Amino acid sequence: MNDKYEKVTPTQLYMLFSLYLFTTILSFRQGALVGEAKFGVWVSLLIGSFGGLLFPYFSYRLAKRRPTRFFSHYGREIVGSWLHYPLVSIMIFSYLFSAAFVLREMQDFMVEVFLPDTPDWAVTSIFCICVAYAVRSGVQTIFRCAQGVFFLTMIGMLLIPVFVMGELNKDMSVAFLNHFDWKGIGSGSYLVASLYGQMSFILFLFPFFSNQQKTMKSLIWATVTSLFIICSNLIPTILIFGPELTSNLIYPELELIRYIRAGYFLENLDPVLISIWLTSLFIKISLFLYVAILILTHSFSLQDHKPLSLTMTILMAGISLLMVRTGADLVRLMGHGEVMFLIVTEAIPILYLVVDWIRSRLGKSSNEKAKA
Amino acid sequence: MDRKWGKRSGGRAGQHTDDMDPIHHQLSWLKERLANCSDLVIHTFESRFHQKCALVYVAGLTDQKNIQEEVLRAIFSLDASTAEEFRASIFERKQLPISNYAVIPLEAGPSSVVEGRVLLVIENEQRAIRFNLPFVKGRAIDEPISEATVRGPREAFIESADDNLSLIRKRLKTPEFKTETMQIGTYTQTKVMILYIQGLCDNELIEMVRTVLSQIKIDGVLGSSYLEEHLDSSPFSPFPQVQYTERPDVVSAALLEGRLAIIVDGSPMVLVVPVTLFMLLQSAEDYYQRYVAGTWIRWIRYLFVFISLLLPSFYIAITTFHPEMIPSKLLITITASREVVPFPALVEAFIMEISFEALREAAVRIPKSIGQAVSIIGALIIGTAAVQAGIVSAAMVIIVSFTGIASFIIPHFDLGLAVRFLRFPIMILAGIFGLFGIACGLILLYIHLINLRSMGIPYLTPVTPFVVSDLKDTLIRAPWWFMRKRPYHENEKLNKWRQPKKEASKQGEEEEEIRD
């Protein structure tokens, strides 16, 4: 009776990745993205997202070759233990670091905007309790978490542009069609591709998926949905603040939300909307951490990931608190190396795919020779 | 005393004479097993063939008038010419002109007697006859107290399992409606019945419930809650994982949805499994009102669940951390009322909420005659004196009162209790981290609800896992003509259609026309 609830369905996959993809871009990367691409940001998003989608596509092709086995179990059969374990260690660190990075961004945001007197560690700790509980509960819980809040979050995110419609400087909109700085668009696409390419970790979760043939379909739809949500929020932001101000604001989406006035009842709605938004961040952090723990569990040939969940959450919290001193350092870290590091990690499955393909071709030809 | 009935002697166990040697052995064994039972009656008599006989029963549990009128008359009117024939016609041919009797070994006699059966013992016979002549005083079928409706039926379960079963059987006139009976409780031997409709209820569920119930080893079962806690998958969860109801129509509806009911003798509450959060937020009245009203009231209920859980926390968070959210005029009013209060908003809310919980508990426990007085004192102290004395603010009184009213809207009492209980940790989080704390509290609660299952069914079905077709009875209360498919039916072998598919019904109509 329980088995049918243990698998991740294509709908769950679509819903989780829709939330996963727009959340960081809208929350924290909007300024950097607009700073690079200016009015051509939508082109950057299109190129970057579909370019980034190639990484999960190669992961998918690799995973499809052994659909019932976990990559961490069979990876060493492809490239050998000596290369496999260092590469896997890089991936574990990458996902752990990504989780810690988003956590740090979230913590800085909360402390700066809403809880100026609350210590950083307290904010991180309470949030990490939620993350540890979700990660301990397993992959199904994380995906179902996303499923439950999907419609609520979508409605929340789509209501924001509706409410600020009256404030838009519509004359500026023509610039989206005639102002293209291709160098900036290229840099923007590079940034977006690194974020969309992170979906390549489906490789590690593949045996959990119930209808594996539909995986790429779900990811493509999730990409389309997230692009729609990002553009529906990003374009009004630029039309209100202009590209220069948007790129210099730390949290442009927050400023956009603050344009909403809900009449006399509540002066502004930003804490409520941010509470909804927080759930998407929570899902993203939990998923990154879960993947890191899963790889570690399989690498050590452990049966259950649960014993590692609390330890790894504490490790993530530690990295998050100690990785940089200030928010400015965090921005510098993102601009210098983090994107490249992500792209390299995302490309690791391609190496496995190529080696596996060559080995299977060689294996086939040697078999044919032997037969002949 | 009629001569043809033969010689009779008897009375209470203590007064019984031991002058009947051949039956003495059997009776002394029975008396030994049932020693110190002052309500035990051993009625000894001699048959027409001078065989020593005895009727053994518990005075309060059996219909003594019927014993006289039916059992004794039947024994003495039996058409037999010899003692052997008399014995054979009772035990072998079962010719006693009385319904519902069984031949049992004498060893099973004591348990039958304490269950309220009448035992006939005959000399030199290792078998006995068991008559079913119950006489248990109980209350009559009454109106539901905790689940009242305006338009729905007004019958509620009582303490008798058989009467409760008849109330359901009356509504489900189908041979597919099955009942299984078992006894649970070493001392209470409580009758427990499992009810389901074959073809609608998943066999795995039936087997699971059967296994759980058969594994219960307990001295006594005095209410359905004794079994409820055994059926919980997550015993530490504050949320109820089994539904209980006192309405036979609710149980019938649940059985038609392919769920399973458990009747426990002695309890007016019937258990229903599996259950989801959204089922617990449905009221019987939703289905008797027009669907527009049903849907509207259901939305109000959902809204007030959140208000009941979060309103004090929001108040604490907004006044403490996010005053910029409140319009300036309202902020001035709230600040003015809080000016004289010496406590932070969190402490103030705690004082009020705990006082309110105490008042509510007191109102339930105290006798009705002084209940009014306590209500007045509570209202005066909390409503007026506390504000005037500057201990709490008027705004907080409004918040707490509103939260109190909201918590009564939840139809299932245990779910209401869970929400009342969970309000406190979320208030603490709101007091420490503001809205961020509330969001974290809700995320934790949400993960817990996602992990929770009732008999294997996820608690948040149909929202997650997402079942679009079941939203028609969750998000809204769809009209009956629209609810053609049974909810939560994934097993292909089960009949999932409540109303025939359109094609099928059209085909049926065409066939009828041809026949005409």
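At a Förster radius of 56 Å, what calculated FRET efficiency corresponds to the Cβ-Cβ distance of residue A:180 and residue A:213, to the nearest 0.05?
Efficiency, from the Cβ-Cβ distance: 0.90.
Going through the cross-link list B:173/B:501; B:178/B:217; A:170/B:472; A:7/B:493; B:170/B:217; B:173/B:496, which pairs have a Cα-Cα distance over 30 Å in this structure?
A:170/B:472; B:170/B:217
In the range B:415-477, how does Rg compare with the Kirkwood Rh, expressed as the Rg/Rh ratio over alpha carbon atoms?
Value, to two decimals: 1.08.
In whole Å and largest first, what semi-axes does the C-alpha gyration tensor of the protein assembly as shown yield when each eigenvalue is scaled by 5 and square-rooted?
Calculated on Cα positions only, the semi-axes equal 67, 37, 26 Å.
How large is the Kirkwood hydrodynamic radius of the range B:211-304, in angstrom, based on all distinct alpha carbon pairs?
14.7
As a check on your grasp of the helix formula, calculate [θ] at 222 nm for chain A: sum -39500 (n - 2.57) over DSSP H runs of n ≥ 4, divide by the residue count, round to the nearest 500.
Estimated from H runs of four or more residues: -25000 deg cm²/dmol.
Sketch the reach of a paramagnetic label on residue B:140 as a point 7 Å from Cα along Cα-to-Cβ, and name the residues of the range B:246-281 whose backbone nitrogen lies under 14 Å away.
none
If you stretched the chain out fully between residue A:125 and residue A:300, how much longer would it get, using 0.36 nm times the residue separation minus the C-alpha to C-alpha distance?
Stretched fully, the residue A:125-residue A:300 segment lengthens by 60.3 nm.
For the range B:161-275, how big is the tail of P(r) above 25 Å, as a whole percent of Cα pairs?
In whole percent, the long-distance tail amounts to 14.
Hydropathy first: keep DSSP H helices in chain A averaging at least -0.5 on Kyte-Doolittle, then drop any whose Cα extent along the axis falls short of 18 Å, and list what survives.
The answer, listed by residue number, is A:10-24, A:81-113, A:120-137, A:139-163, A:182-196, A:215-248, A:270-299, A:306-322, A:339-371.
How large is the Kirkwood hydrodynamic radius of the range A:279-366, in angstrom, based on all distinct alpha carbon pairs?
Result for the range A:279-366, one decimal place: 16.2 Å.
Per 10 Å bin from zero, what fraction in whole % of the C-alpha pairs of the range A:128-195 is there, up to the bin with the longest pair?
Values per bin, smallest distances first: 15, 20, 32, 21, 12, 0.
Take residue A:328 and residue B:372, extend 7 Å from each Cα along the Cα→Cβ direction, and tell me the distance between the two endpoints in nm.
Inter-label distance under the simple model: 7.3 nm.
Kirkwood hydrodynamic radius for the range B:292-440: how many Å is it when counted over pairs of different Cα atoms?
Hydrodynamic radius (Kirkwood, Cα pairs) of the range B:292-440 is 16.3 Å.
Mind checking B:466-479 for the average number of partner chain beta-carbons within 10 Å of each residue's beta-carbon?
1
Can you report the principal axis dimensions of the range A:23-343 using only the alpha carbons, biggest first, rounded to whole angstrom?
59, 44, 36 Å, listed from the longest principal axis down.
Counting helices only, and only those DSSP H runs with n ≥ 4, report the 222 nm mean residue ellipticity of chain B as the sum of -39,500 (n - 2.57) divided by its residues, in deg cm²/dmol to the nearest 500.
It lands at -13000 deg cm²/dmol.
Over the range B:147-215, how many percent of alpha carbon pairs lie in each 10 Å bin up to the one with the longest distance?
All Cα pairs, binned at 10 Å, distribute as 16, 40, 35, 9, 0 percent.
If I stretch the segment between residue A:314 and residue A:82 completely, what's the gain in nm (0.36 nm per residue apart, minus their alpha carbon distance), one decimal?
80.6 nm
What is the distance, in nm, between label points placed 7 Å from the Cα along the Cα-to-Cβ direction at residue B:476 and at residue A:368?
Going from the residue B:476 label point to the residue A:368 one covers 6.1 nm.
How much length is gained on full extension from residue B:39 to residue B:421, taking 0.36 nm per residue of separation minus their Cα-Cα distance?
Length gained between residue B:39 and residue B:421: 132.9 nm.
Jot down the per residue volume, in cubic angstrom and as a whole number, of the convex hull over the alpha-carbon atoms of the range A:161-205.
Dividing the Cα hull volume of the range A:161-205 by its residue count gives 117 Å³.
For chain A, modelled as a Gaussian network with Cα springs under 10 Å, which listed residue fluctuates most, A:135, A:174, A:339?
Per the Cα network of chain A with a 10 Å cutoff, A:174 tops the list.
Enter the mean projected area of the convex hull around the alpha-carbon atoms of the range B:311-357, in nm², rounded to one decimal.
3.4
How large is the translational diffusion coefficient of chain B in µm² per second when you combine the Kirkwood radius over alpha carbon pairs with Stokes-Einstein at 4 °C and 1.567 mPa s?
46
Is the shape of the range A:124-248 rounded, prolate or oblate, going by the alpha carbon gyration tensor and its root eigenvalues a ≥ b ≥ c, with a/c under 1.5 for rounded and a/b larger than b/c for prolate?
Prolate is the answer for the range A:124-248, as a/c is 1.5 or above and a/b outweighs b/c.
Helix hunt in chain B: which complete DSSP H runs extend at least 27 Å axially by C-alpha with mean Kyte-Doolittle at least -0.5?
Result, helices passing both filters: B:291-320, B:345-365, B:413-433.
May I ask which residue of B:225, B:174, B:254 lies farthest towards the positive end of the charge dipole of the range B:161-275, with charges of +1 (Lys, Arg) and -1 (Asp, Glu) on Cβ and the Cα centre as origin?
In the range B:161-275, that residue is B:174.
How far apart, in nm, are the 7 Å Cα→Cβ label points at residue B:186 and residue B:169?
For residue B:186 paired with residue B:169, the spin-label model returns 3.3 nm.
For residue B:353, what accessible area in Å² do you get when you roll a 1.4 Å probe over the heavy atoms of the protein chains, rounding to the nearest 10?
Approximately 0 Å² of residue B:353 is accessible to the 1.4 Å probe.
Mind checking the mean number of beta-carbon atoms from other chains within 10 Å of the Cβ atoms in B:444-456?
Across the residues of B:444-456, the mean count of other-chain Cβ atoms within 10 Å is 5.
The values are calculated or read from the model by the stated rules, or taken from the named source; none is laboratory data. What you see is a predicted model; the values in this text were computed from it and never measured. Here Cβ is always computed from backbone atoms with ideal geometry, including for glycine, and neighbour counts include all displayed protein chains. Remember, those area values only see protein heavy atoms, side chains included, never the ligands or the DNA or RNA. Shrake-Rupley method; radii C 1.70, N 1.55, O 1.52, S 1.80 Å.
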